[in-house]
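The structure appears below as structure tokens.
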Amino acid sequence: MMKGIGVAALALTVVSSCMVGGTLAKYTTTATGTGSAIVAKWAPSFKDAAGGTYTNDTVVKLTDTTVSENKVAKDRVAPGTDGSFSVQVGGNGTEVGFTYTITISEVNNMPKNLKFYKEDGTTELDKEGDVYVLTPQDNTIAAGATGDKTITVNWKWPYENAAGETANDADDSAAGVAGGENGTKMAFKVNITATQIDPTKTV
């Protein structure tokens, strides 16, 4: 009896092994392809008014070239002077769309009544804290665009206020007393920032 049971068990084991072996057997084939991607070019171009590359060493001077030197010395600003400076922004073949802004920061010793204006020459620049911000109305450059856009920042130090009053004279005179070749000098930084447009959003 026991012998018969052992033989039956052995037979079941062999059958089970065959079933397991048959279940695990299969055909497999693997095909391998190669993936690739080209990163979009990012190379916005910044230039000064003369077309030179705009760098950390670029010097922007506020000077009025329309006033004769016998009225205001060369390369000086004073009440009654005004002018502008320009920067050029280009796509340079950049393969993503971007926007740009111009800011004037770290302003030191600026005469109280001197003002910065937008391209229309009459609207003062927006101010965020101590930073002047110019966001041109058309400040978008499309992907792949070439050529430059010129942006002009205007400035003016009025000789008198709109009513011709003398209320500003004391502040203007104080700035003049502190000025001169060896005196207090106005200093500031002009920053141009290009920012990629989020491609998932509608502009």
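Bear in mind these aren't lab numbers, they're just calculated from the coordinates by the rules spelled out. What you see is a predicted model, and the numbers here were worked out from it, not measured in a lab. As a convention, Cβ positions derive from the backbone with ideal geometry for all residues, glycine included, and neighbour counts pool all protein chains shown.
Each of (i) -0.83, -1.37; (ii) -0.83, -1.50; (iii) -0.93, -1.28 is a candidate for log10 I(q)/I(0) by the Debye sum over Cα atoms at q = 0.14, 0.18 Å⁻¹; the one calculated from this structure is (iii).
For the chain, the longest stretch holding no GluC sites (Glu not before Pro) located in a DSSP loop with at most 10 other Cβ atoms within 10 Å is which? The partial results should precede the final answer.
On the way: sites that count: Glu69, Glu165, Glu181.
After excluding every exposed loop site, the longest remaining stretch is 70-164.
When the Cα positions of Thr184, Val67, Thr94 are compared along the charge dipole of the chain, Thr94 comes out farthest toward the positive end, with charges on each C-beta of Lys, Arg, Asp and Glu. Full extension of the chain between Leu24 and Thr166 gives 41.2 nm of extra length, using 0.36 nm per residue less the Cα-Cα distance. The trypsin sites (Lys or Arg not before Pro) found in region 90-153 that occupy coil by DSSP, while having at most 14 further C-beta atoms within 10 Å, are Lys112.
Once the chain from Asp120 to Thr32 is taken as fully extended at 0.36 nm per residue, the excess over their C-alpha distance is 25.6 nm. Taking every lysine pair in region 45-196 that is 8 or more places apart or spans two chains, those with Cα atoms closer than 13 Å amount to 9.
Residue-wise HN-Hα couplings along region 173-190, as the Karplus relation 6.51 cos²θ - 1.76 cosθ + 1.60 with θ = phi - 60° gives them from phi, are 5, 4, 5, x, 5, 7, x, x, 3, 9, x, 5, 10, 6, 9, 6, 10, 10 Hz; Gly and Pro carry x.
What does the net charge come to around Asp120 if you take all other residues with beta carbon closer than 14 Å to its beta carbon, with K and R at +1 and D and E at -1?
After counting each charged neighbour, the total is -2.
Think of each Lys and Arg Cβ as +1 and each Asp and Glu Cβ as -1; about the Cα centre, that makes the dipole of region 74-203 roughly 260 debye. Each part gets one Cα centre, and for region 99-140 versus region 27-67 those centres are 24 Å apart. Against the chain, whose longest principal axis is taken from its Cα atoms, helix 2-24 shows a tilt of about 30°.
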